[in-house]
Amino acid sequence: MRITVTVDGVAYSDEVEPRTLLVHHLRERLGKTGTVVGCDTSNCGACTVHLDGRSVKSCAVLAVQANGREVTTVEGLARDGELHPVQRAFHENHALQCGFCTPGMIMQAIDLLEDNPDPDEDEVRHGLEGNLCRCTGYQNIVRAVRDAASRTTAAGGAA
């Protein structure tokens, strides 16, 4: 089946098998390896991307379901060489150890901040609960999300 999908601002048209998962299409056909395969069961959130501006676990979405839609991956967040505010906050707050969950956490955090620009600690933890980190105690992740929220609120914009 032929699909056309815009990924990180670039339109791609490809033949895909109807059973191909979006995460595999992104990685294997388009080279978007920042979107990682964690569990293939939608339990860990490592493969989180934005589909039409909302976070989805790309291992639970078929590539054909993205036909005619817009996908943003972690690779598509930086602008003009500048990290996205959430990426910068994760870096500056040491919100990673091995880094495997980081792309999905960042994508989910951006979605969370779109809905709630100034979350408290409990709201951040609740908003990220579908994304697992096996290395950290989440404290620095929560700190990074709250830091990004305070920066974007102070700048008068959304994350």
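The values are calculated or read from the model by the stated rules, or taken from the named source; none is laboratory data. Just so we're clear, the structure is a prediction, and the values are computed from it rather than from any experiment. Please note: Cβ atoms are built from the backbone with ideal geometry, for glycine as well, and neighbour counts cover all protein chains shown. Accessible surface is based on the protein model in full, side chains and every heavy atom, while ligands, DNA and RNA are left aside. Shrake-Rupley method; radii C 1.70, N 1.55, O 1.52, S 1.80 Å.
Surface composition of the range 41-128: carbon plus sulfur atoms contribute 46% of the solvent-accessible area (1.4 Å probe, protein chains only, all chains present). Normalised Debye scattering of the range 55-108 at q = 0.20 Å⁻¹ gives log10 I(q)/I(0) of -0.80, counting only Cα atoms as equal scatterers and leaving out solvent.
Grab the other residues whose beta carbon is less than 12 angstrom from that of Thr73, score K and R as +1, D and E as -1, and report the net. Provide the component values of the computation, followed by the final result.
Numbers: positive: Arg27, Lys32; negative: Asp8, Glu70, Glu75.
It works out to a net charge of -1.
Rounded to the nearest 20, the size of the Cβ-charge dipole of the range 85-156 about its Cα centre is 380 debye, with Lys and Arg at +1 and Asp and Glu at -1. If I take R0 = 30 Å and measure r between the Cβ atoms of Glu28 and Arg134 in this structure, what FRET efficiency does the formula 1/(1 + (r/R0)^6) give, to the nearest 0.05? Step by step, r from the Cβ atoms, then E = 0.75.
Across q = 0.18 Å⁻¹, the chain modelled as identical point scatterers on its alpha-carbon atoms has Debye log10 I(q)/I(0) values of -1.04, in the order of the q list. Amide H contacts for Leu21 (H built 1.01 Å from N in the peptide plane; partners 5 or more residues away or on another chain; cut-off under 5 Å): Ala63.
The candidates Glu92, Glu28, arranged from most to least accessible area with a 1.4 Å probe in the full protein assembly, appear as Glu28, Glu92. Report note on the peptides 71-84, 50-63: ranked by the mean count of other C-beta atoms within 10 Å, highest first, their order is 50-63, 71-84.
Against the empirical 2.2 N^0.38 Å (N residues), the range 2-76 has a Cα radius of gyration ratio of 0.95. Per residue, the accessible area of the range 1-150 comes to 49 Å², computed with a 1.4 Å probe over protein heavy atoms only. Under the convention that each Lys and Arg Cβ holds +1 and each Asp and Glu Cβ holds -1, the size of the dipole of the chain around its Cα centre is about 360 debye. Its Cα gyration tensor gives the range 85-156 an equivalent ellipsoid, and the semi-axes of that ellipsoid, as √(5λ) in whole Å with the largest first, are 18, 13, 10.
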